[in-house]
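Let me begin by presenting the structure, written as structure tokens, before commenting on it.
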Amino acid sequence: MSTNPFHKQEEVWDTDVIDVQEHDLVVFNDDHNTFDHVIETLIDVCGHSLHQADQCTHIIHYKGKCSVKKGDFETLAPMRNDICRRGISAEVV
């Protein structure tokens, strides 16, 4: 240990590095689903608030798609399946 007050001691952290790939659940625009149906779906499936679901739905409408959720593939895949069962196009990317 140094007695020099300007000497910085390095901290060493012993941690395991876990490589978790983050994916996006992307919902795509179409010409047949209503805003209300998409909003309800995002609330039910993704746990969005009304405001968050409304904002995502507008982005989907005007931009053609929106990443509505981030996470690992195992979490997002069942959500994607549920969204698709409701007639809305979605992919995990």
Point to revise | Flag if HIS37 is surrounded by 15 or more Cβ atoms within 10 Å (Cβ to Cβ) and at pLDDT 95 or above | key: no
Review point. Hey, among the residues in segment 41-93 that are among the acidic types (Asp, Glu) and touching a helix residue (DSSP H, G or I) at 6+ places or on another chain (Cβ under 7 Å), which one's surrounded by the most Cβ atoms within 10 Å (Cβ to Cβ)?
Key: ASP54
Exercise for review: Output the number of the condition that ASP30 fails; it satisfies all remaining conditions of (1) surrounded by 15 or more Cβ atoms within 10 Å (Cβ to Cβ); (2) touching a residue at least 40 places away in the same chain (Cβ under 8 Å); (3) not in a helix (DSSP H, G or I).
Suggested key: (1)
Check your understanding: Looking only at segment 42-65, which residues are within 12 Å of the chain's Cα centre (by Cα) and not in a helix (DSSP H, G or I)?
Key -> GLY47, HIS48
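The values are calculated or read from the model by the stated rules, or taken from the named source; none is laboratory data. For clarity, every value in this text was computed on a predicted model and none was experimentally measured. For neighbour counting, all protein chains shown are included, and Cβ atoms are generated from backbone atoms with ideal geometry for every residue, glycine included.
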